[in-house]
Amino acid sequence: MENTTLISIEGLRKDFPTSGGRFTALNGIDLKIGKAEFTGIVGPSGSGKTTLLNIIGSLDSPSEGRVMVLGQSISDLNVKQAALLRRSKLGFIFQSYNLLPVYTVFENVEFPLLLLKLDDSHRRKMVMDTLDWLGLTDKAKSKPAQLSGGECQRVAVARAMVKRPEIVLADEPTANLDAANSHNILKTMVRLNNEFQTTFIFATHDDKVISYLKRKISLIDGKVLKDEITNN
Amino acid sequence: MIRFLLKGILRDKQRSLLPVIVVTIGVMLTVVLYCWLTGILNDSVELSARFSAGHVKIITAEYEKNINQMPNDLALTGVDTLMLKLKNEFPEIKWGQRIHFGGLIDVAGSNGETRAQGPAIGFGIDLFSGDPSEKERFNLAKSLHRGRMPIQPKEILMSEEFSRKLNINPGDTVTLIGSTMYGSMAMFNYTLCGTVIFGAGPMDQGSVVIDLEDVRKALDMNNAASEIVGYLPDNYYNEEKVDKLVIKFNKLFPKSEDKFAPIILTLRQQNDFGKMIDQIKQIGGFMVLIFVFSMSLVLWNAGLLGGLRRYTEFGTRLALGENYSHIYRTIIYESLLIGIIGSISGTFFGLLISLYMQNHGLDLGSIMKNATIMMPAVFHARINTLSFFIGFIPGLISTVVGTALSGIGIYKRKTAQLFKELEA
Ligand SMILES: Nc1ncnc2c1ncn2[C@@H]1O[C@H](COP(=O)(O)OP(=O)(O)OP(=O)(O)O)[C@@H](O)[C@H]1O
Ligand SMILES: [Mg+2]
């Protein structure tokens, strides 16, 4: 494990209000995640993987406990500060890609840079470099509807990576992909992890993903059951 | 960023073309309905204007006091000079002289005895001078039921119902018994040339129409008239123009002690027309309000649905680090843009249709069996200043408010929830 801690979680609990009271999705989580990790949160459906990832990604806030991400306490961020954190430091990859359908591949990848108000030529170079990296150069002008699922997810990876975020959060990134595409995407992410020292955190129960992980955090019923370094 | 968002709207037809079309149609309907209603209400005012009140009416001060008795002993005199002066001073106004009179119509039997008799209200209007405007104002030709229009002196038109009551037909001779301007009895024979239907009960019961000069002869009213009616050039009662006219008239004919000096009355000042005009405006306003409101609901919902459809997009944009407030602002700007474009094009098309309806009217002559004097078969729309703006209420305000409300939905949801929705 690297020595720089990017994420530190202490005594995290997350309750959701339900019709009959409340449901505790996460209970007493303590974790530290360091720079350039390639970590997976694994566990059965309903174990709280997405909830944990959302809190790390400042898309949700803890009910109790302390979650520090890149030196900032998630519970203390207002919506603007949370948006700023996501915009500048975090990248997201979703199960269903969530590309903006009316925009081209180039424009989808460009969007995070527009939010950062980078200038035109700068943006262009970063987008083209990233597309090149992911082998998407000849698809730059295509719309998402014209791409295969594997290509869509590669575009999503490009969109997450283009601004060189500190942390990439990927929730079931291979769930909609076949085996070949899954391996392809995962190898790409390993490459990015090695090259740019980007921290990757997955939420998954896919064995293909698990086989690439360097660290596996097993979650059951909102608790960490096991936290192990794997021999990848 | 703005360019990026504009690209998005333009490419997503569901987000641009569709709402613009919906707004355009809604606004167009609003504008057309408004102009239509204004037109119909206006027509009913114009009808009264044409038939009795004029846009303005000139009578003597004393005549006005007893106007219901049609006191022709108090009629305007020296009308020729008066008309000349009016035509000179107000060249844009169309003036018409009229005589109203009461009397008895007597039908003689073969031996000279009275066969039938009935009280009559008479209209003396210009039928023969060559200027057809008075005939047209009374819509006589189109309301003709039997016989033909008068073509020479001593011919009379009568309401159809009256002719039935008297049991006479075109070609028969009738005698008008009335009183002259100076109070003595007048008797004059006329040939019934045709019958008309007024379409209004009291007038159908016993009205006759005779050429003005004929009436003058019969009632000894040489160079006199009960009234002079005036009409604005476009046949549309415009209070501002009329008020200006009145001010000028009052300068030319200052108030005097002379009981027979001419005074001017506007349409509004006569009978209950003022109240009627106000009521008409209120009813019209109310109906338009209802329509604007329902149109607003439709467009509001369109705005709302447009927003809901895009929750996935908003969730993604939020996750990528865009601010709530920025997303909210952009959708408001988008809806403003759509509202403005839709309102402008809707107003344009609405006015185009209304303009056609204003100039040509909708002729229901084939549906309505008989056109009458009081019920014209052609309905016109009418464009006024408000026609240019009314469509913007549903077009712009509702679209934006609908979007604004649907946008609050994004605020209310926690980011993660929006997110859950997009994962589902
Ligand atoms: N907004 C919410 N309101 C109520 N309950 C919620 C909410 N979000 C999650 N939960 C509950 O919390 C638990 C954990 O959910 P979470 O989505 O984190 O599971 P997961 O491990 O990601 O499962 P999966 O593998 O199916 O994606 C589930 O039982 C879920 O029903
Ligand atoms: Mg999940």
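Subtracting the Cα-Cα distance of B:Glu240 and B:Leu6 from 0.36 nm times their residue separation leaves 79.7 nm of extension gain. Using a simple spin-label model with pseudo-atoms 7 Å out from Cα toward Cβ, A:Asn78 and B:Ser110 lie 10.9 nm apart. The alpha carbon gyration tensor of the range A:1-104 gives principal lengths a ≥ b ≥ c with a/c below 1.5, which makes the shape rounded. Within the listed set A:Ser61, A:Ser75, A:Ser19, the residue fluctuating most in the Gaussian network model of chain A (springs between alpha-carbon atoms under 10 angstrom) is A:Ser19. Assuming a ≥ b ≥ c are the square roots of the Cα gyration tensor eigenvalues, decide whether the range A:105-201 counts as rounded (a/c under 1.5), prolate (otherwise, with a/b larger than b/c) or oblate. Verdict is oblate for the range A:105-201. At full extension, B:Leu336 and B:Leu405 could sit 23.5 nm farther apart than now, given 0.36 nm per residue minus the alpha carbon distance. Taking 14 Å as the straight-line reach from the Cα of B:Lys251, the aspartates and glutamates in range (excluding those fewer than 8 positions away in the same chain) are B:Glu89, B:Asp243. A dipole drawn for the protein assembly as shown from +1 and -1 charges on Cβ atoms has a positive end, and of B:Ile59, B:Gly361, B:Met158 the residue lying farthest that way is B:Gly361. Here the 3J(HN,Hα) profile of the range A:224-229, calculated from phi with Karplus coefficients 6.51, -1.76 and 1.60 at θ = phi - 60°, is 7, 8, 9, 9, 10, 7 Hz, Gly and Pro shown as x.
Is there a quick way to get the dipole size of the protein assembly as shown? I mean about its Cα centre, with the Cβ of Lys and Arg at +1 and of Asp and Glu at -1; what is the value in debye to the nearest 20? The partial results should precede the final answer.
Values: 72 positive and 65 negative charges, 534 e Å.
Here the size comes out at about 2560 debye.
Taking the Cα centre of chain B as origin, sum charge times position over the Cβ atoms of Lys and Arg (+1) and Asp and Glu (-1), and report the length of that vector in debye to the nearest 20.
Values: 42 positive and 39 negative charges, 457 e Å.
Here chain B has a charge dipole of around 2200 debye.
Listed by chain and number, the aspartates and glutamates whose C-alpha is less than 16 Å from the C-alpha of A:Lys163, apart from same-chain residues fewer than 8 away, are A:Glu107, A:Glu110, A:Asp119, A:Asp120, A:Asp129, A:Asp132, A:Glu195, B:Glu322. Think of each Lys and Arg Cβ as +1 and each Asp and Glu Cβ as -1; about the Cα centre, that makes the dipole of the range B:56-231 roughly 300 debye. Enclosing the Cα atoms of the range B:56-231 in their convex hull gives a volume equal to 113 cubic angstrom per residue.
In the protein assembly as shown, a dipole from Cβ-located charges (positive for Lys and Arg, negative for Asp and Glu) runs towards its positive end, and of B:Val45, A:Asn98, B:Gly342 it is A:Asn98 whose Cα lies farthest in that direction.
Please compute the length gained on full extension between A:Phe196 and A:Arg66, using 0.36 nm multiplied by the number of residues separating them and subtracting their Cα-Cα distance. Present the calculation step by step, with values, prior to reporting the outcome.
On the way: separation 130, 0.36 × 130 = 46.80 nm, distance 2.81 nm.
Gain on extension, A:Phe196 to A:Arg66, equals 44.0 nm.
A Gaussian network model of chain B, with springs between Cα atoms under 10 Å, assigns the largest mean-square fluctuation among B:Arg137, B:Arg317, B:Arg148 to B:Arg317. For chain B, the longest piece that avoids every one of the GluC sites (Glu not before Pro) found in DSSP loops with at most 11 other C-beta atoms within 10 Å covers B:258-424. Counted over chain A, the DSSP beta bridges are approximately 55% antiparallel.
For the range B:90-134, the residues whose amide N sits under 18 Å from a probe point set 7 Å from the Cα of B:Asp73 along the beta carbon direction are B:100-104.
Taking every DSSP beta bridge that has both residues in the range B:56-231, what percent is antiparallel when rounded to the nearest 5?
Details: 36 of 46 bridges.
Counting only bridges with both partners in the range B:56-231, antiparallel ones make up about 80 percent.
What do you reckon, how do B:Tyr328, B:Tyr356 stack up by accessible area (1.4 Å probe), largest on top? Before the final figure, lay out each step's value.
Numbers: B:Tyr328 50, B:Tyr356 130 Å².
Result of the area sort, largest leading: B:Tyr356, B:Tyr328.
Using only the heavy atoms of the protein chains and a 1.4 Å probe, how would A:Lys49, B:Lys165, B:Lys94 rank by accessible area, largest first?
Details: A:Lys49 10, B:Lys165 130, B:Lys94 80 Å².
Reading off the accessible areas and sorting them downward yields B:Lys165, B:Lys94, A:Lys49.
Bridges between two residues of chain B, per DSSP, are antiparallel at a rate of about 80%.
Residue pairs exceeding 23 angstrom between C-alpha atoms, taken from B:Lys217/B:Lys248; A:Lys139/A:Lys187; A:Lys32/A:Lys216; B:Lys142/B:Lys241; B:Lys57/B:Lys255; A:Lys49/A:Lys117: B:Lys217/B:Lys248; B:Lys142/B:Lys241; A:Lys49/A:Lys117.
The values are calculated or read from the model by the stated rules, or taken from the named source; none is laboratory data. Being a predicted model, the structure only gives us computed values, none of them experimental. Reconstructed Cβ throughout: ideal geometry from the backbone, glycine too, with neighbour counts over all protein chains shown. Ligands, DNA and RNA are excluded from the accessible area calculation, which covers all protein heavy atoms including side chains. Shrake-Rupley method; radii C 1.70, N 1.55, O 1.52, S 1.80 Å.
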